[in-house]
């Protein structure tokens with residue numbers, strides 16, 4: 001979390017929430033499946049927001065003392081499905097047809113900027129490491145803006 005703002009929830013707790021959400025959402029995933037990624041991202045964002053709001057809302061208060069924004073990005077590794085012992089399909093079939101044998105990662109760079117109050121607002125970014133063995137990277141970004 002940002003060093004300049006006091007987060008509404010402790011960093012260790014936010015990490016736990018995000019890891020739990022991602023673990024639950026991706027539990028049955030065996031590899032990157034383009035037809036399911038939109039649902040995975042949507043569920044990660046909505047479940048994370050729901051948990052953050054519940055955690056940050058004081059007892060007997062109508063809501064938390066800040067607004068939250070959450071972003072989830074899922075990036076496919078360059079791993080042919082044969083390396084994961086999976087049937088060919090989608091982009092993996094095209095890669096296999098062209099004798100694609102290299103595995104690794106696709107490049108990704110992301111940036112975000114905001115104009116806010118340094119003492120009340122902040123941002124936290126976390127890479128969920130549980131996606132590694134499934135051939136994907138999951139990056140979750142959370143912003144909080146004081147009311």
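The values are calculated or read from the model by the stated rules, or taken from the named source; none is laboratory data. What you see is a predicted model, and the numbers here were worked out from it, not measured in a lab. Quick reminder, even Gly has a Cβ in these numbers, built from the backbone with ideal geometry, and neighbours come from all protein chains shown.
Tell me, please, whether a residue that is modelled with pLDDT of 95 or more and buried (at least 18 other Cβ atoms within 10 Å of the Cβ) can be found in region 91-108. No, region 91-108 contains no residue that is modelled with pLDDT of 95 or more and buried (at least 18 other Cβ atoms within 10 Å of the Cβ). Among the conditions (1) modelled with pLDDT under 95; (2) farther than 21 Å from residue 143 by Cβ, residue 27 misses just one, which is (1).
Residues that are on the phi < 0 side of the Ramachandran plot, surrounded by fewer than 13 Cβ atoms within 10 Å (Cβ to Cβ) and outside any helix (DSSP H, G or I) within region 49-62 comprise 58, 59, 61, 62, listed in sequence order. Among residues belonging to region 7-19 that are assigned to a helix (DSSP H, G or I) and in contact (Cβ under 8 Å) with a residue 24 or more places away in the chain, point out the one that is surrounded by the fewest Cβ atoms within 10 Å (Cβ to Cβ). If we take residues in region 7-19 being assigned to a helix (DSSP H, G or I) and in contact (Cβ under 8 Å) with a residue 24 or more places away in the chain, then 11 is surrounded by the fewest Cβ atoms within 10 Å (Cβ to Cβ). Applying the criterion of being in contact (Cβ under 8 Å) with a residue 12 or more places away in the chain and out of contact with any strand residue (DSSP E or B) (no Cβ under 8 Å at 6 or more places or on another chain) to the residues of region 52-78, the residue that is nearest to residue 140 (Cα to Cα) is 55.
Name the residues in region 109-134 that are loosely packed, with under 10 Cβ neighbours inside 10 Å and closer than 23 Å to residue 44 by Cβ, would you?
Selection gives 109, 111, 113.
Scoring residue 32 on the criteria (1) in contact with a strand residue (DSSP E or B) (Cβ under 6 Å, 6 or more places away or on another chain); (2) touching a residue at least 60 places away in the same chain (Cβ under 8 Å); (3) assigned to a helix (DSSP H, G or I) leaves a single failure, condition (3). Among the candidates 49, 26, the residue that is within 30 Å of residue 135 (Cβ to Cβ), out of contact with any helix residue (DSSP H, G or I) (no Cβ under 7 Å at 6 or more places or on another chain) and in contact (Cβ under 8 Å) with a residue 12 or more places away in the chain is uniquely 49.
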